[in-house]
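Notes for the one structure printed next.
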Number of protein chains: 2
Amino acid sequence: MATIEFWYEFASTYSFLAAEEVEAAAQQAGVGVLWRPFLLGPIFAGQGYATSPFNLFPLKGRNMWRDLARRAAQLGHPAIVRPDPFPANGLLAARVATALADADRPAFSRAVFRAEFVAGDDISDRAVIGRLAAGLGHDAEALLARAGADEVKAALRTATARAEQIGIYGAPSFVTADGELFWGSDRLADALAWAKGERWGLPA
Amino acid sequence: MATIEFWYEFASTYSFLAAEEVEAAAQQAGVGVLWRPFLLGPIFAGQGYATSPFNLFPLKGRNMWRDLARRAAQLGHPAIVRPDPFPANGLLAARVATALADADRPAFSRAVFRAEFVAGDDISDRAVIGRLAAGLGHDAEALLARAGADEVKAALRTATARAEQIGIYGAPSFVTADGELFWGSDRLADALAWAKGERWGLPA
């Protein structure tokens, strides 16, 4: 089965949209999805951004929130909450997502995104993350402890370094098995088509 | 008939894609299109960009060219030429597009974009623009003379000022009659739906 890697950052608004859409679209395409949480902060810092470009460029930010509201409404979430502060600190959530088994990562990640952008919860709060984990049947205490272990911290750092190495500069990104990079939730369909061998007549 | 404004800049890669797609999509939606050439340079300068963000951020630029190639291939252009220098100077083309009658603007604009990104022509060259105009049945000499008139220069400056005033910060952008702003060729379908009254359950 063809697969795509879905690289996402919990603070990222369009990662939220992608997390909502990716499984249904991939299933319809007959493509598997590998969920890859990473941290965008270190990559942004390397580009000279001290915070989200949506904060640095107010007009761009204003349109992003409006676009997010429209797009989320299309997906059934007519009221979007702006995290305060934005971007939220997604480190804890990313560590927990990293600590989880592959099969458990998608549901937890979707729950985090909805808590952040629909319920308006603070995803940097251990109590919030613990409650989400417990709601999915995990032992929250044990999971939070595991998420704080050195090997999980190292695994997340390694994932972030790998993201940077393969040219990722924003989230979400999709990467196919042959290394083709697609940036943005709007490129999900292209990434799925590519994974299945579509090349649109491009020179090899 | 509902309409959208299609704001485009001749140096902009995604404006090229939008110019290729907008008329067919709008016709299918039953929406009219008002072609609005403007200059992005002054708006970028106001954001602190001395050149295209695709030049300032190399990883982003690299992916943009690859994405453009994939997207253009989907539209039937499997080989894309990168203007050198990039971004091209689109001032002359924008003045000519401004000088043309509304009905003549789309075909001329598409011809400019194809010359630039498919044929690899220098669109800042009067001979190139004159040839494109002549190929569409215009009196090239007279048109180029009109494009240099003070009233056309002023009209383009006014259009650019209006773009900035309504919150445009990139190209292409689509704006509906009630002022809803959509940024990027990927939002054409949303803009057309909005123009026809779709609100996706958003609070009014």
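The values are calculated or read from the model by the stated rules, or taken from the named source; none is laboratory data. What you see is a predicted model; the values in this text were computed from it and never measured. A quick note on method: Cβ atoms are made from the backbone with ideal geometry, for glycine too, and the neighbour counts reach across all protein chains shown.
Just checking, which of B:L136, B:L144 is among the hydrophobic types (A, V, I, L, M, F, W, C) and surrounded by fewer than 16 Cβ atoms within 10 Å (Cβ to Cβ)? Give the derivation first.
Details: B:L144 fails: surrounded by fewer than 16 Cβ atoms within 10 Å (Cβ to Cβ).
Result: B:L136 is the single residue among B:L136, B:L144 that is among the hydrophobic types (A, V, I, L, M, F, W, C) and surrounded by fewer than 16 Cβ atoms within 10 Å (Cβ to Cβ).
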Point to revise | Residue count for segment B:71-102, restricted to those that are part of a helix (DSSP H, G or I) and facing chain A (nearest Cβ under 10 Å) | key: 4
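Kindly establish whether B:G48 is at pLDDT 90 or above and either within 18 Å of B:E116 (Cα to Cα) or loosely packed, with under 15 Cβ neighbours inside 10 Å (or both). Full working, then the answer.
Numbers: at pLDDT 90 or above: no; either within 18 Å of B:E116 (Cα to Cα) or loosely packed, with under 15 Cβ neighbours inside 10 Å (or both): yes.
So B:G48 fails the test.
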Study note, to complete from the structure: Of the residues in segment B:56-70, those that are touching a Gly at 6+ places or on another chain (Cβ under 8 Å), surrounded by 15 or more Cβ atoms within 10 Å (Cβ to Cβ) and either modelled with pLDDT of 95 or more or not hydrophobic (A, V, I, L, M, F, W, C) (or both) number 2
Review point. What is the number of the single condition among (1) modelled with pLDDT under 95; (2) buried (at least 17 other Cβ atoms within 10 Å of the Cβ) that A:F174 does not meet?
Key: (1)
Revision key, fill the gap. Condition set among the small types (G, A, S) and outside any helix (DSSP H, G or I), scope segment B:4-41, selection farthest from B:A94 (Cα to Cα): answer is B:G30
Review point. Of the residues A:A73, A:A79, which is small (G, A, S), touching a helix residue (DSSP H, G or I) at 6+ places or on another chain (Cβ under 8 Å) and surrounded by fewer than 20 Cβ atoms within 10 Å (Cβ to Cβ)?
Key: A:A79
Check your understanding: When you scan segment A:42-70, how many residues do you find that are outside any loop (DSSP other than H, G, I, E, B) and under 16 Å from the mean Cα position of the chain (by Cα)?
Key -> 4
Check your understanding: If the Cβ limit is 6 Å and pairs must be 6+ apart or interchain, which residue in segment A:34-53 that is closer than 12 Å to A:A163 by Cα pairs with which residue that is among the acidic types (D, E) and not in a loop (DSSP other than H, G, I, E, B)?
Key -> A:R36/A:E5; A:I43/A:E164
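Looking at segment B:22-29, can you tell me whether even one residue there is within 24 Å of B:T160 (Cα to Cα) and among the polar types (S, T, N, Q)?
Applying the first criterion (within 24 Å of B:T160 (Cα to Cα)) to segment B:22-29 yields B:22-23, B:26.
Still in the running and among the polar types (S, T, N, Q): none.
Among the residues of segment B:22-29, not one is within 24 Å of B:T160 (Cα to Cα) and among the polar types (S, T, N, Q), which makes the answer no.
Within segment B:58-70, how many residues are more than 8 Å from chain A (Cβ to nearest Cβ), touching a Phe, Trp or Tyr at 6+ places or on another chain (Cβ under 7 Å) and without any contact (Cβ under 8 Å) to a residue 12 or more places away in the chain?
First, pick out the residues of segment B:58-70 that are more than 8 Å from chain A (Cβ to nearest Cβ): B:58, B:61, B:64-65, B:68.
Imposing the further condition that a residue be touching a Phe, Trp or Tyr at 6+ places or on another chain (Cβ under 7 Å) reduces the set to B:61, B:64.
Right, trim to without any contact (Cβ under 8 Å) to a residue 12 or more places away in the chain and you get B:61.
Going through segment B:58-70 one residue at a time, the tally reaches 1.
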Check your understanding: Can you name the condition, by its number, that A:D121 falls short on among (1) under 24 Å from A:D190 (Cβ atoms); (2) without any contact (Cβ under 8 Å) to a residue 24 or more places away in the chain; (3) away from chain B (no Cβ under 13 Å); (4) surrounded by 15 or more Cβ atoms within 10 Å (Cβ to Cβ)?
Key -> (1)
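Does B:E9 satisfy being farther than 23 Å from B:D150 by Cβ, within 16 Å of the chain's Cα centre (by Cα) and touching a residue at least 40 places away in the same chain (Cβ under 8 Å)?
Working: farther than 23 Å from B:D150 by Cβ: no; within 16 Å of the chain's Cα centre (by Cα): yes; touching a residue at least 40 places away in the same chain (Cβ under 8 Å): yes.
So B:E9 does not fit the description; no.
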Practice item. Within segment A:147-195, track down each residue that is more than 14 Å from chain B (Cβ to nearest Cβ) and in contact with a helix residue (DSSP H, G or I) (Cβ under 8 Å, 6 or more places away or on another chain). Key: A:A147, A:G148, A:A149, A:V152, A:K153, A:A155, A:L156, A:A159, A:T160, A:A177
Study note, to complete from the structure: Of (1) over 15 Å from the mean Cα position of the chain (by Cα); (2) surrounded by 14 or more Cβ atoms within 10 Å (Cβ to Cβ), A:S185 fails just (1)
